[in-house]
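Remarks on the structure that follows.
Where a number appears in this text, it was derived from the coordinates with a stated rule and is not lab data. It should be emphasised that the depicted structure is a prediction, and the values quoted were computed from it without experimental measurement. Neighbour counts run over all protein chains shown; Cβ positions are idealised from the backbone, glycine included.
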Amino acid sequence: MATARTTDVVTTTHLTKTYGDRRAVEDVGLAVRAGEVYGFLGPNGAGKTTTLRMLLGLVRPTSGTATVLGHRPGDPAASRRVGALIEGPGFFPYLSGRDNLRVLARYRGLPDPAVDAALERVVLRDRGGDRFKAYSLGMKQRLGVAAALMGDPDLLVLDEPTNGLDPAGRNDMRRLVASLAAEGRTVLFSSHLLDEVEDLCDRVAVMSHGRLLTESTVAGLRGAGSLFVRAAPADVTLAVAMRLAGDDAVTLVDDGVRVELDAARAPELARALLDAGADLSELRSRDRSLEEVFLDLTGDGTTDNHDQTAPLEEALR
Amino acid sequence: MTTLALSGTAGSTTNGTATAVLRSTRAELLRMRRWPALWTTVTAELLLNLLFGYVFGYVSYRSGSTGGMSEGVPRDQLLADLLPDAIPRVAVQGMPMFAGALVLVLGALVAGNGYSWGTVKTVALQGPGRLTSYAGTLVALALVVVGLVVALFASDVAASLVVSAAEGRPVVAPGAVDLLSAFGGGVLVMLVWTLAGVLVGTVARGPALAVGLGLVWVLAVENLLRGVASIWSPMQRVTDLLPGTAAGSLAGAVGATPVSEPGGTPGVLTTLSGTASVGLLVAYAVAFALGTGWLVRRRDIT
């Protein structure tokens, strides 16, 4: 089981992988602490899977270093304590799910009862005798997770484990990840689904174009939140907001203004607007969703301060 | 004290590696024995061996020397090849080419399918270490090859006893040395072709190309090169060193009839001596195994 929470289970320093001229992963430095659920977030092709492959010793880094449970990636001493599912499950199609796990159990030196326990955990025991090639995508994915769970691993590395699952299966998988974390295991999982990262993770790393853009708690990533205000006239509203929050903290959005100001200062903003003679029609706190943060970070956002500069200046005039 | 401690560490490391290889071997044997492709290959091998070794030979013998199937081989000689004391030369005659091609396919399927199914990745994630799991695969395949050669010899024993009984001939057992030489030679030949298949399967990272390339090499390219060598002598230096030449020569050295003689078997040669062919085959076995091991260790698993 996982050790003290302050211990780093996975660390990377300047981790880089190039394929020819293409940099799949560039200068990634991250740390996963014992006992946490660490989300690896990024669009398709961001370099998440390549990074995970390097951590598991499947792919050699071009440069940089990584340690997993205190060992170099791929070291049998570490691998025995790691359960992993990388980019879809790979099994012998002619064997049943149970026999596939028995083969893997032999590699790990585990007794057969470990197989049934793993099948039970992913609710696949009743179908364990069916051939793998007859499994649905969701069942194959669950078998992959079962393989990762055998041997009671300290660290679980799951690469997009909900891929191919229907909504019910996705919920089951989330519950499973949550229960594994509750047992004190460290879980490192990648996803491009923001809601599941937001629901499950203690900390998140965001990758795009092979680079690590940020590493933070989910709350830290979302920031302190903001206020949405609708008042007239617009020039007075903007001037008051800028005086209180600063020029860079005010953005014109839809039919109002977003002010990067803690919700606790909402009464102060309301008083200032009324004192300035503004007609206040709406004032509410507005949390940034992880999706907004993600889109801002990866450069795929449709609204940002720069886009709004022209109308803002126009309104001020 | 220090020396003892170091010895203990080295000993436990060796034990740990041996245990890991044993685990990998058990895992590979479990998945292989449930694999229809393995049993299809073994069955095809046994059927072809019986057909070409005994059924066609017996039909030729029964139809007489004028029947068109005996290629001018006297009837007595045809019958002699079907009796128990001929087992050593009959059992190995098909191994350099046809049986060898089948085990090459088996090796290519074992290695190549690992990549196409993604099981190479899954196994690597179980923590035995790449070379350890590869060693387990090789040991398992070696056991399969030994079992197959045993089955081939056993089916030859059964067939020759049937012929002896049908023709009312006394049962004369082959000499132990001849039998052991043929068995050992057969295992070596089959092992080399299996390892060649594993290498090609690993290089190709899939079964289809590997099987195609392997079969073309065993069944066509080597023979074509020997054809070139017959009209351009410098090429002979190359063809004398080919794995098929070594395999065919070893079969010829243990008594199989070379293709150049009436009733000879394709692939059986007398180019090299028995000792030279064993040396060359061992060199090929080591080269194929090390080459694959280098690839397995160095290459990214994507």
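Brief remarks on what is shown
- Placing unit charges on the Cβ atoms of the charged side chains and taking the dipole of the range A:143-250 about its Cα centre, the candidate lying farthest along the positive direction among A:THR214, A:ALA148, A:ALA245 is A:ALA245.
- Across the range A:57-98, the convex hull enclosing all Cα atoms gives 101 Å³ per residue.
- Given charges at beta-carbon only (K, R positive; D, E negative), |dipole| of the protein assembly as shown in Debye: 2180 debye
- FRET efficiency for B:ARG298 and B:LEU161, using Cβ-Cβ distance with R0 set to 41 Å, rounded to 0.05: 0.20
- Rotationally averaged projected area of chain B (alpha carbon convex hull; nm²): 19.4 nm²
- In straight-distance terms, cross-link reach from A:LYS17 covers every one of the lysines whose alpha-carbon lies under 20 Å from its own, apart from those fewer than eight places away in the same chain; here that gives A:LYS48, B:LYS121.
- Calculated [θ] (222 nm, deg cm²/dmol) that DSSP helices of n ≥ 4 give over the protein assembly as shown, each run adding -39,500 (n - 2.57): -17500 deg cm²/dmol
- Reciprocal mean inverse distance between Cα atoms of the protein assembly as shown - Kirkwood radius, Å: 29.1 Å
- Our summary gives the range B:238-302 a relative contact order of 30 percent, counting only alpha carbon pairs under 8 angstrom and 6 or more residues apart.
- Legend: mean number of C-beta atoms from other chains within 10 angstrom of residue C-beta atoms, peptide A:106-113, equals 6.
- Between B:LEU290 and B:SER260, the C-beta separation translates, for a Förster distance of 25 Å, into a calculated FRET efficiency of about 0.15.
- Two-decimal Rg/Rh across the range B:223-302, once Rg and the Kirkwood Rh are taken from alpha-carbon atoms: 1.12
- Inter-chain Cβ neighbour count for A:10-18, averaged per residue, equals 0 (cutoff 10 Å, partner chain atoms only).
- The label-point distance for A:ASP21 and A:VAL123, in a model that sets each label 7 Å from Cα toward Cβ, rounds to 5.0 nm.
- Rounded, prolate or oblate (a/c below 1.5 giving rounded, otherwise prolate when a/b exceeds b/c) for the range B:133-237 by Cα gyration tensor: oblate
- Over the range A:51-197, equivalent-ellipsoid semi-axes from the Cα gyration tensor in Å: 23, 19, 14
- Taken one residue at a time, the phi angles of the range B:159-174 give Karplus couplings (6.51, -1.76, 1.60, θ = phi - 60°) of 5, 5, 5, 5, 5, 4, 5, 5, 9, x, 9, x, 7, 10, 6, x Hz. Gly and Pro are set to x.
- Three-way shape label, chain A, alpha-carbon gyration tensor, a/c 1.5: prolate
- Interchain or long-range residues, amide H under 5 Å from B:THR265's placed H: B:THR257, B:VAL259
- Projected-area average for the range B:36-194 over all orientations - Cα convex hull basis, square nanometres: 10.7 nm²
- Take each residue in B:129-140, count the other chain C-beta atoms within 10 Å of its C-beta, and the mean is 1.
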